[in-house]
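Colleague: This is the structure, below, for whatever I ask next.
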DNA sequence: CATGAATGAGTCTTCATTCAT
DNA sequence: GATGAATGAAGACTCATTCAT
């Protein structure tokens with residue numbers, strides 16, 4: 001069996017109508033995913049929810065997988081952007097400010113639409129999703145790494161490794177909030193804990209620098 | 001078609017032959033999952049790999065989902081047991097010993113068969129998997145919580161919350177190792193980092209106690 | 001889009017029931033093709049006519065194309081066998097006997113079930129059909145070539161070429177009978193004409209040999 | 001859905017622009033057919049190749065089938081015209097001249113664009129194509145029949161039958177050239193063989209007439 | 001007239017599950 | 001208990017055709 005693994009969008013919308021259709025399909029996909037789960041996510045159901053025909057989906061996405069990827073990508077993109085912006089904003093500042101800003105940016109971005117974040121975690125991994133996630137992960141690690149390197153009051157040894165571990169340490173607890181392993185209402189407290197955890201960790205692996 | 005949502009094993013193997021067959025099916029499932037991925041995991045393929053007929057699978061599992069769950073459960077069970085044992089072994093000891101032991105137990109258990117751990121992450125979430133994962137997560141948090149409460153040199157405030165955050169902070173980086181977001185060869189270093197991170201965090205959220 | 005072009009049969013029937021099913025599917029395919037034409041030949045219709053489920057078709061053929069090919073192949077096989085046998089039977093005989101026998105064998109085989117022959121002509125060519133037809137054509141040409149080489153009363157110069165042209169000269173008129181460009185009732189007369197044509201042609205391209 | 005079986009062109013192009021568009025569509029159809037095969041022949045692809053929109057195709061053809069038929073018809077028309085002209089040119093001449101001219105006209109016309117001829121053979125038969133082919137076949141047979149009747153040095157008994165068989169005898173070998181069952185480079189030799197075959201056959205079924 | 005986005009019926013194909021042998 | 005042939009519901013995807021712009 002040969003499966004179409006091409007993921008690139010099939011056409012770029014030229015008419016205004018097209019852009020609207022793409023948007024509508026995208027949203028419908030997310031809605032079905034959130035409200036009915038992955039196994040209920042059929043092209044028919046998406047089309048139905050979007051109020052378009054199945055054919056329209058294939059006008060813009062070469063296959064169902066590509067649609068899924070697009071939705072996942074957009075989500076990850078907003079999250080990573082939030083983190084990147086936070087990093088950019090705190091360059092050259094002390095460790096404490098960095099920890100606080102990064103944690104806030106990441107947690108808030110992930111919890112902004114918890115249902116969506118949760119639904120997307122359910123997406124089964126595949127070559128395509130793995131690639132995408134890998135790309136975003138790298139961006140995150142790079143942003144953190146750069147940030148750490150610019151720190152005003154500490155010098156982090158092995159910034160690449162530390163950035164990766166730090167990133168991982170944020171991901172896990174947020175996942176727990178999303179799965180309600182920790183009640184969502186405790187988000188604020190968890191955020192504080194993560195800030196504390198981040199700062200404690202970073203201080204441990206950094207040498208203080210006196211200006 | 002009404003979907004069978006029963007998950008409980010259809011029969012407990014009473015005879016040696018039965019037990020062996022269950023085992024064979026279980027292993028075959030894991031092998032197919034690891035070598036060909038989730039979407040190739042069909043009952044026919046499992047039966048084939050196991051050297052039994054499809055019918056035999058249904059002799060022991062009410063449906064495919066139950067088989068999947070069983071495989072996931074066994075994996076999670078070995079991991080949680082390792083953690084629980086580590087916790088039991090360190091009751092009443094100082095924070096540093098606890099951090100080191102828990103990190104070692106968890107990381108080693110997860111990385112013992114990285115291919116298996118990785119493959120199981122790919123399993124799409126569903127009501128059944130969510131329940132299972134939730135159950136294991138609770139056990140993990142309880143174990144950590146109890147452990148912290150028994151600490152000889154520190155008193156952790158809000159042990160439930162801390163246990164949860166701590167657990168999360170371990171999960172994330174290990175996931176990164178499994179997806180090679182951090183190269184697997186760096187496991188040892190990551191383990192050290194996680195020990196450092198754990199200890200730093202716990203010290204931050206604990207009040208020292210002098211015996 | 002990647003299309004499955006594997007054509008080899010999916011499984012060899014092991015149980016008696018299987019063999020019967022294969023046969024039933026084969027016949028049904030032919031019936032649908034004959035009675036409703038190529039564009040009505042859907043897997044659903046074949047299964048329906050065969051009295052089995054769609055799934056059963058895929059138990060024995062990897063895809064619809066393979067089924068078509070199998071049907072075509074069996075037909076061509078019976079025709080080519082008839083010709084090969086006629087050739088074998090006339091080895092070493094005079095030109096006239098050869099011409100008569102080959103024409104009779106071919107025409108009779110093709111006209112035995114005119115509806116079937118006609119239906120199969122409608123099959124659109126594809127890589128797979130082309131290969132098949134090429135194989136059969138070669139066998140026909142070889143058989144004729146060998147036959148001519150064994151002739152007792154004449155020596156054919158360029159037997160390969162002559163065999164090919166001769167074969168072609170038989171194919172065309174028979175096709176006309178099948179499409180009713182020549183009324184089917186005139187088969188007998190056409191056969192005589194083809195015998196005359198064959199003999200006249202062969203005599204023209206052969207040098208008489210006196211024993 | 002009721003299928004539109006109307007085949008007649010939707011409008012006769014009155015303006016130069018229209019005629020040009022029809023032409024462009026016609027050519028594009030042929031090109032797609034030749035280069036990508038029948039199953040790739042979609043209206044979208046034709047429109048794309050033609051540099052027009054799908055809608056434009058429907059401006060000039062009621063449906064896809066009609067387009068196909070038109071293309072086939074034009075091809076067959078050029079072939080039959082060549083044959084008819086050859087026949088007209090040889091009226092009243094001797095058998096040998098007739099055989100030579102007809103063979104030359106037919107073979108050359110068919111082999112003029114072998115890729116096109118080949119591609120059109122792949123077209124699956126349907127009521128519409130059958131009718132078309134039948135009409136052309138009749139014209140061919142009539143032309144040959146008339147030709148034979150005018151022969152100066154022989155009287156063909158049963159000219160209708162003979163014309164049909166003769167026509168068929170030419171069709172087959174040319175098909176073999178097109179499918180490469182006989183290498184295309186051998187066209188010239190095959191043409192000679194066909195001339196010989198034709199003459200031999202016609203002499204066999206004719207009575208000599210002395211002027 | 002031209003465009004091309006939208007349509008949706010129609011196809012193939014898969015695969016969990018059953019049950020006669 | 002074991003087998004594996006049979007089932008058929010379900011889903012992805014195509015593409016001729018229409019029609020609003």
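Colleague: For segment C:95-144, what is the convex hull volume of its Cα atoms per residue in Å³?
Modeller: Value for segment C:95-144: 68 Å³ per residue.
Colleague: Let me ask you something else. Taking the label point 7 Å from Cα in the Cβ direction, how far apart in nm is residue B:38 from each other copy of itself, listed shortest first?
Modeller: 0.2, 4.2, 4.2
Colleague: Okay, next question. If each of residue C:209 and residue A:189 carries a label point 7 Å out from its Cα toward its Cβ, how far apart are those two points in nm?
Modeller: 10.6
Colleague: Here is a further query. Evaluate the relative contact order of chain D (contact order divided by residue number), counting alpha-carbon pairs under 8 angstrom at least 6 apart; express in whole percent.
Modeller: 21
Colleague: Checking a compactness column here: for segment D:68-153, what do you get for Rg(Cα) / (2.2 N^0.38 Å), N being the number of residues?
Modeller: 1.17
Colleague: What is the average number of partner chain Cβ atoms found within 10 Å of a Cβ in A:158-164?
Modeller: Mean partner-chain Cβ count within 10 Å for A:158-164: 3.
Colleague: Quick one: what does P(r) look like for segment D:101-211 with 5 Å bins over all Cα pairs, in whole %?
Modeller: So the P(r) values, bin by bin, are 2, 11, 19, 22, 19, 14, 9, 3, 1, 0.
Colleague: Something else about it: For segment B:38-97 and segment C:85-123, write down the distance between their C-alpha centroids in whole Å.
Modeller: Centre-to-centre distance over Cα atoms comes out at 65 Å.
Colleague: Could I ask something else about it? Using the basic label-point model (7 angstrom from Cα toward the beta carbon), what is the residue B:89 to residue D:58 distance in nanometres?
Modeller: Rounded to a tenth, the inter-label distance reads 7.4 nm.
Colleague: Quick one: label points 7 angstrom along Cα→Cβ at residue B:18, distances to the other copies in nm, smallest first?
Modeller: 3.0, 6.2, 8.2
Colleague: Continuing with this model, one more query. So what are the three principal axis dimensions of segment C:31-76 from its Cα atoms, in whole Å, longest to shortest?
Modeller: The Cα atoms of segment C:31-76 stretch 26, 21, 15 Å along the principal axes, largest first.
Colleague: While we're here: What value, in deg cm²/dmol to 500, does the helix sum -39500 (n - 2.57) over DSSP H runs of n ≥ 4 give at 222 nm once divided by the residues of the protein assembly as shown?
Modeller: -23500 deg cm²/dmol
Colleague: Give me the distance in nm between label points sitting 7 Å out from Cα along the Cα-to-Cβ direction at residue B:157 and residue D:142, one decimal.
Modeller: In this crude label model, residue B:157 to residue D:142 measures out at 10.7 nm.
Colleague: Let me ask something else about it. Taking every eigenvalue of the Cα gyration tensor of the protein assembly as shown, multiplying by 5 and rooting it, what semi-axes result, largest first, whole Å?
Modeller: They are 78, 31, 22 Å, listed from largest to smallest.
Colleague: While we're here: At q = 0.10, 0.11 Å⁻¹, work out log10 I(q)/I(0) for chain C with the Debye formula, treating every Cα as an identical point scatterer and leaving solvent out; two decimals please.
Modeller: Debye output, listed in q order: -0.52, -0.61.
A short reminder: the numbers here are calculations on the coordinates, not readings from a lab. This structure is a prediction, so every number in the text was calculated from the model and none was measured. Note that we place each Cβ from the backbone using ideal geometry, even for glycine, and neighbour counts take in every protein chain shown.
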